[in-house]
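Trainee: Let me begin by handing over the structure; questions about it come next.
Here, each number is a calculation from the coordinates, and none is a lab measurement. None of these values were measured; they are calculated from a predicted model. All Cβ positions, glycine included, derive from the backbone under ideal geometry; neighbour counts span all protein chains shown.
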Amino acid sequence: MKTLAFIALSVVATAAMATGPVPSSPEIIITGNSTQMASLTSVAVNNNSTGAKSEAYQNLASNTGNVTIGGTSVQTVTGFGGNVTNTASGSEAYASQNLSSNVGEVTISGHSTQFTAMMNASVNNLSSGSNSKAVQNIASNNACFTCQPTKTVGWPN
């Protein structure tokens, strides 16, 4: 029975390798309107990654990757008190933080509204270590390919 299970697993693994790589950035298609909203009150939103070539991606009410929206897009982040923190530490670390932003290949055929309002709060993005990068987008659009981490596979994953 163990031999049969091993053979079956080998066949599955071989078939998976034969199909080639799977795209790392999935395509998202929204045929109607899109509303993304994050409301924060006296909270901490933390995202941390540590180690060589570590990557920390934090997205609040954001589109990232290969996204198509057929209608109107509304992205809103509001907050009172607390903090939003994204950190990546280590050699060649990468920290990307996006609040009500579009990053990558985002197409919107309708109107786009991006709004971020934080009161008595802090928004922090840090990347530390040699050759590290920190990119922060707040209520903005970013298709900056030199802002992305240096990788041989697709971005952002």
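Trainee: Please go through (1) in contact (Cβ under 8 Å) with a residue 60 or more places away in the chain; (2) under 19 Å from Thr50 (Cβ atoms) for Ser100 and return the number of the only condition it doesn't satisfy.
Mentor: Exception for Ser100: condition (2).
Trainee: Are there any pairs with C-beta distances below 7 angstrom linking a residue in the range 111-137 that is surrounded by 17 or more Cβ atoms within 10 Å (Cβ to Cβ) to a residue that is among the β-branched types (Val, Ile, Thr) and not in a strand (DSSP E or B), with the two at least 6 apart or on different chains, and if so which?
Mentor: Pairs found: none.
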